[in-house]
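Notes follow the structure.
The values are calculated or read from the model by the stated rules, or taken from the named source; none is laboratory data. Treat the numbers as computed from the prediction; the structure is a model and nothing was measured. Neighbour counts run over all protein chains shown; Cβ positions are idealised from the backbone, glycine included.
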Amino acid sequence: MLGRTTNGGTRVKRRIRVGALLVCLALFFGLIPARAATELPADPALRALGDQRGLSIGTAVGAGSLANPAYAATVRTEFNVVTPENEMKWNSIHPEPTVYNFAGGDAIVAFAQQNGMKVRGHNLAWYSANPSWLITMCNDPTVTRDQAIAVLKDHIDTVVGHYKGKIAQWDVVNEALYDDGTLRAGCGTGQTPWGKMIGSDYIDLAFQFAHAADPAAKLFYNDYNAEALGTKSDAVYNLVAGLKQRGIPIDGVGLQMHFDLGAPSAADVASNMSRLNALGVEVGITEMDVRLFLPAGDAQLAQQRRVFHDMLATCLAAANCHTFVMWGFTDADSWIPSYFPGYGAATPFDSTYNPKPAYFGLRDALGMQTDETKVVEAENMSTKTVGASTLGGWELSANGEVGNYFPFPGGNTTITVVAKGVQGGGAWPTMDLKVDGAVVATFTVASSSWAPYSFTTAAYSVGHNVSVAFTNDYYAPPQDRNLFVDKVSVGSVVEAENTEVKSVGHAVTGGWELDQNGYVEHPAQFWTGGLFNFTVVASGTFANGAWPTLAVRIDQVTVGQVTVSSSGWQTYTVLGVAPPGRHRVSLAFTNDYYSPPQDRNLFIDSFSVAGAPTLTP
Ligand code: XIL
């Protein structure tokens, strides 16, 4: 029951305090050794947990939004670092050749200082958010390379100099590369003016200028689609290797992590972090969000939780990752809905600042629990009372219950409770295992040693609350036949499919546009296995002697392909076979064999899987 996870922050906090109080009382009475106290942090806010782990954890903020008290309160409670979402970009901070406007940036820096937070500066050279005067200059053939270098230097000296000593990290160069790893250079959309006016060494120069202007600031190269392994992250790796070789002062690589549910695998992200570590640079997660198709249901929120959890856990496990920043923290104020039509709900707080499952995933990664297979006190309790913590478990006596929200892997799933009991009044205790509050099994815990009690559920496809409760409270007054619960685990959660998918089709009038690497995923998942019929209404654009091709994929494996050889809407059907279990099906543009990619766009009007609802934009 996800409603449980949208408790207000105060309510969540109160539970934690009760938990902490119980620990204190138990300590006082000598019931548990002191070490247990450090295992349950008193303050579960991300900020306190991040401080404990030496992690800068934060969010992009807007100067205007900070005027909203609820927004500001959440930022100062939950985070220890902020990034200006737009206020330090060229068009904000340097609107005319000789005019600098520091108002927005200063407001954010002042907020951070008042609240003891760090600031990540963003950014000093980018293809986007440039003032029109800079584009005019780029298009002016009389402008020399030296003049362009002088303008870049003046900007960096002035901006970095203005904030000297106040900015912990700067994104010096942002998104310098295309997805194919080549350098953006030019005056048009998506092209970096510096690449054209100066050449590829503008990157070296920008880092050198920034270092001279504030030697204490850590300097980052920041990009997207380069978080894991692949062409673009190889290119970023090579770029950084070159900078290091030439002695350019670069300290880190920002992995933006603007993901959807087809996020790369944590293992690949870990490999990328580790190879960058070997080059001698830090990495930081700098702009994370996980966009969902709207409306997002419990299943999507559970998967989103896992992506946030896994990426933060990956950062914490990496030797060189000390920064985790999200691109906005509330669904009330995220760039996603306007940039990715049809998507939203990309952040860990809903639009009224209540924590979503993703928030608890982050907290879990920070040590409120070590992984998804352990219960956590104070999270998503679906019940009245929490068992007191005892050494090695929770003590559940009359009406005591512990539980947690678990993402389910799909398919038949085994839930295991490790428990022990104390016989009293002639009986062993009994415990009910509940899924979303409904009893699915009852066990008699007839042993005073820890033992597993397992139950295999039917196929639950989404996240659920799993809890265990002490139940044979039929003596009055209740007898002491206590039950101790050490751990509740749910299967081994399977996620991180779709590792190869890079971007998502954009909604256009009358459909989605799928160009290179674009795909659309159907939210339906199927279980029974066997033959499936996929129906797609699509149209294509003939270009460079070819019509586009469209693949139907099950779990990212192509099961059928069609050539969309008509510029009018046509219905194409594909038959696919899948084994029983949970599967994800998507449509992808596939004949991306021109370099540079040609415009042979593919449009999808609707997409249906036999038996599932039709997906339309
Ligand atoms: C986005 C902001 O969130 C939007 O408000 C603005 O309109 C466009 O830029 N990568 C980046 C960020 O490095 O600066 C972008 O921020 C999101 C993608």
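Quick notes on this one:
- Some residue of the stretch 281-300 being farther than 26 Å from residue 521 by Cβ and hydroxyl-bearing (Ser, Thr, Tyr): no
- Subset of the stretch 536-572 that is exposed (fewer than 13 other Cβ atoms within 10 Å of the Cβ) and touching a strand residue (DSSP E or B) at 6+ places or on another chain (Cβ under 8 Å) - its residue that is nearest to residue 608 (Cα to Cα): 571
- Residue list for the stretch 81-111, restricted to those being more than 16 Å from the ligand (Cβ to nearest atom) and part of a loop (DSSP other than H, G, I, E, B): 97, 98, 100, 101, 102
- Test for residue 141: is it within 16 Å of the ligand (Cβ to nearest atom) and either within 35 Å of the chain's Cα centre (by Cα) or without any contact (Cβ under 8 Å) to a residue 60 or more places away in the chain (or both): no
- For the stretch 316-348, a residue qualifies if it is assigned to a helix (DSSP H, G or I) and in contact with a helix residue (DSSP H, G or I) (Cβ under 8 Å, 6 or more places away or on another chain), and the qualifying residues are 316, 317.
- Hey, residue 335 within 13 Å of the chain's Cα centre (by Cα) and aromatic (Phe, Trp, Tyr) or not: no
For (1) more than 24 Å from residue 143 (Cβ to Cβ); (2) not basic (Lys, Arg), each residue gets a yes or a no:
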site: 175; (1), (2): no, yes
site: 179; (1), (2): yes, yes
site: 184; (1), (2): no, no
site: 197; (1), (2): no, yes
site: 200; (1), (2): no, yes
site: 214; (1), (2): yes, yes
site: 228; (1), (2): yes, yes
site: 234; (1), (2): yes, yes
site: 240; (1), (2): yes, yes
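- Considering residues of the stretch 193-210 that are out of contact with any strand residue (DSSP E or B) (no Cβ under 6 Å at 6 or more places or on another chain) and not in a loop (DSSP other than H, G, I, E, B) only, the residue surrounded by the most Cβ atoms within 10 Å (Cβ to Cβ): 193
- Candidate set from the stretch 65-80 (those that are in a loop (DSSP other than H, G, I, E, B) and touching a residue at least 12 places away in the same chain (Cβ under 8 Å)); member that is nearest to the ligand (Cβ to nearest atom): 79
- Meets criteria (without any contact (Cβ under 8 Å) to a residue 24 or more places away in the chain, among the hydrophobic types (A, V, I, L, M, F, W, C) and more than 15 Å from the ligand (Cβ to nearest atom)) for residue 48: yes
- Unique residue being small (Gly, Ala, Ser) and within 16 Å of the ligand (Cβ to nearest atom) when the list is 280, 284: 284
- Once the stretch 225-247 is narrowed to residues that are surrounded by fewer than 20 Cβ atoms within 10 Å (Cβ to Cβ) and outside any helix (DSSP H, G or I), the residue that is nearest to the ligand (Cβ to nearest atom) is 230.
- Some residue of the stretch 435-449 being buried (at least 19 other Cβ atoms within 10 Å of the Cβ), part of a strand (DSSP E or B) and modelled with pLDDT of 80 or more: yes
- For residue 343, the criteria (1) out of contact with any Pro (no Cβ under 8 Å at 6 or more places or on another chain); (2) within 16 Å of the ligand (Cβ to nearest atom) hold in every case but one, which is (1).
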